[in-house]
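The values are calculated or read from the model by the stated rules, or taken from the named source; none is laboratory data. The structure displayed is predicted, hence computed values, not measured ones. Because the Cβ atoms are built from the backbone with ideal geometry, glycine has one as well, and the counts that use them run over all protein chains shown.
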Amino acid sequence: MADRYLRLTGTAPGRFVTRRLGLPQPAALRRWSERTPELPGPVLRLTAGDAVPDGTGTYGAVVLDAAGVADPEGLGGVHAALHPLARSLAPCGRIVVLGARPQDGGLAHAAAQQALEGFVRSLGKEIGRGCTVQLVRLAPGAAADSTLDFLLSPRSAYVSGQVIEVGPAPEVPAGGARTALVTGAARGIGAAVAETLARDGARVVCLDVPQAGDALAEVAARLGGSALPLDITAPDAGERIAAALPDGLDVLVHNAGITRDRKLANMAADRWSSVIDVNLGSVLRTTGHLLKTGALNEHARIVGTASIAGIAGNAGQTNYAASKAGIIGWVRALAADAEVRGRGITANAVAPGFIETRMTAAVPLVIREAGRRMNSLGQGGLPIDVAETVAWLSAATSGGLNGQVVRVCGQSLLGA
Ligand code: NAI
């Protein structure tokens, strides 16, 4: 699982040799830890069209409010604000552009606001040094607080080139510890999600197949949570989850997933159906049961796990990509459902790119190396990067995020 190339470029001789050979120079990302809870410098806030302050200090982040840019000429204010700063951002710094939804104005407004997407995605690809760039579109009446907290912190280290829409958030009454269920929590991304939600104060219930019982029990015990050994595809999985949660559920993270890769011409029906059932069918069944029986509390957060394969497609993964694209369709439909919305419940998805886990360690070397490097940050992500994104989407304060699909892929070139 180790990225030896990243380690090599982290040493002076390694950097010298790889630079001379013209090879990529991935930056060591600054991730959240108690020692590094903040960005590497102050946050500069600007408004497109306003006078740009003299001098260029070194900033940890720049937040540019471009929501008022209403025509192509107004885009000049975006250039004027960020052109002098693009080089002086600290390594692993952040640029966040705040925009409006293109549909919330006239034709020129729509053009200008959509233009911001091309701008942000391009700047993300060229800025380098571990910096990230995002566009946050605010619907009328929305506040981006929880989203900015996440994006302007080391917790979003591997999220770049994203367009995130924030709507108005219903008031959530303050409560005690929330209960979170994470499927596939015995290892990999699921274990990191459970750990991160526990770090943020949730009581976690860790679910995984009975065969993973020892690892599952170990994760749950470490986090002071409980273990629920259960195959998520069991016909009574919804009932058994509800029975294990007498106080209901506040956060539901569908992370369990499998691959059974083959080209379609060589794919037997059981490879197809097992992947569709674990990754998609069981997600719909169990969530449907929890919603119907009221086991999902008001203001619950549902997070599905998609994949960039579900966005870009991938040879040998027709089953997997179909299941992951299905997750995207499902969270969008759930987010639009009047009854679900009426209870303040949100549904979003993460779409990981290349994440260093046992799943990707099994990929052949050449494909693995390509997967790692073919993104703006030049490296694979870590389970914690997905976990931090899930934690943000499932926070009580993230009620304005609904129906979003956030890629955790270092701005992968696939499906860009
Ligand atoms: P992993 O294979 O390390 O862990 C998956 C976990 O799900 C395992 O503990 C497994 O026992 C559990 N699981 C499988 N079938 C289950 C079932 N029927 N019932 C209950 N639990 C079950 O995988 P990894 O890499 O941690 O991936 C987690 C999720 O992220 C998956 O949905 C995967 O498709 C998705 N993903 C991962 C990427 C990566 O690069 N690692 C990229 C894109 C998406």
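A few comments on the model shown:
- Flag for Ala325 being within 15 Å of the ligand (Cβ to nearest atom) and either within 30 Å of Ala177 (Cα to Cα) or modelled with pLDDT of 95 or more (or both): yes
Each row is one residue, and each column tells you yes or no for (1) away from the ligand (no atom under 13 Å from the Cβ); (2) out of contact with any strand residue (DSSP E or B) (no Cβ under 7 Å at 6 or more places or on another chain).
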| position | (1), (2) |
| --- | --- |
| Ser156 | yes, no |
| Gln162 | yes, no |
| Pro170 | yes, yes |
| Thr179 | yes, no |
| Gly184 | no, no |
| Ile189 | no, no |
| Ala194 | no, no |
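- Looking only at segment 234-255, and only at residues there that are part of a strand (DSSP E or B) and within 11 Å of the ligand (Cβ to nearest atom), the one that is farthest from Ser394 (Cα to Cα): His254
- Residue ID - modelled with the lowest pLDDT, chosen from residues in segment 358-416 that are acidic (Asp, Glu) and within 22 Å of Gln25 (Cβ to Cβ): Glu369
- No other residue among Gly378, Gly415, Gly310 is more than 30 Å from Pro173 (Cα to Cα) and not assigned by TED's automatic domain parsing to the domain that holds Ala268 apart from Gly415.
- Arg271 assigned by TED's automatic domain parsing to the domain that holds Thr389 and more than 18 Å from the chain's Cα centre (by Cα): yes
- Within segment 126-145, the set of residues being part of a helix (DSSP H, G or I) and either of a type in the set (Gly, Ala, Ser) or over 18 Å from the mean Cα position of the chain (by Cα) (or both) comprises Glu126 only.
- Subset of segment 201-222 [surrounded by 17 or more Cβ atoms within 10 Å (Cβ to Cβ) and away from the ligand (no atom under 15 Å from the Cβ)]: Ala202, Arg203
- Residues in segment 287-330 that are among the charged types (D, E, K, R) and in contact with a helix residue (DSSP H, G or I) (Cβ under 7 Å, 6 or more places away or on another chain): Arg301, Lys324.
- The single residue among Ala312, Ala416, Ala387 that is under 25 Å from Arg187 (Cα atoms) and among the small types (Gly, Ala, Ser) turns out to be Ala387.
- For segment 42-71, filtered to residues that are within 24 Å of the chain's Cα centre (by Cα) and surrounded by 18 or more Cβ atoms within 10 Å (Cβ to Cβ), the residue that is farthest from His83 (Cα to Cα) is Ala67.
- Of the residues making up segment 242-259, those that are farther than 22 Å from Thr196 by Cα and in contact with a strand residue (DSSP E or B) (Cβ under 9 Å, 6 or more places away or on another chain) are Ala242, Thr259.
- Residue list for segment 256-312, restricted to those being surrounded by 15 or more Cβ atoms within 10 Å (Cβ to Cβ), away from the ligand (no atom under 13 Å from the Cβ) and among the small types (Gly, Ala, Ser): Ala295, Ala300
- Filter result (part of a loop (DSSP other than H, G, I, E, B) and either touching a residue at least 24 places away in the same chain (Cβ under 8 Å) or in contact with a Ser or Thr (Cβ under 9 Å, 6 or more places away or on another chain) (or both)) within segment 256-277: Ala256, Gly257, Ile258, Thr259, Arg260, Asp261, Lys263, Met267
- Tally of residues being in a strand (DSSP E or B) and β-branched (Val, Ile, Thr) across segment 172-217: 5
This table checks each residue for (1) surrounded by fewer than 22 Cβ atoms within 10 Å (Cβ to Cβ); (2) touching a residue at least 40 places away in the same chain (Cβ under 8 Å); (3) not hydroxyl-bearing (Ser, Thr, Tyr).
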site: Tyr320; (1), (2), (3): no, yes, no
site: Arg341; (1), (2), (3): yes, yes, yes
site: Thr346; (1), (2), (3): no, yes, no
site: Ser376; (1), (2), (3): no, yes, no
site: Leu393; (1), (2), (3): no, yes, yes
site: Asn402; (1), (2), (3): no, yes, yes
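- Subset of segment 7-16 [of a type in the set (A, V, I, L, M, F, W, C) and touching a helix residue (DSSP H, G or I) at 6+ places or on another chain (Cβ under 8 Å)]: Leu8
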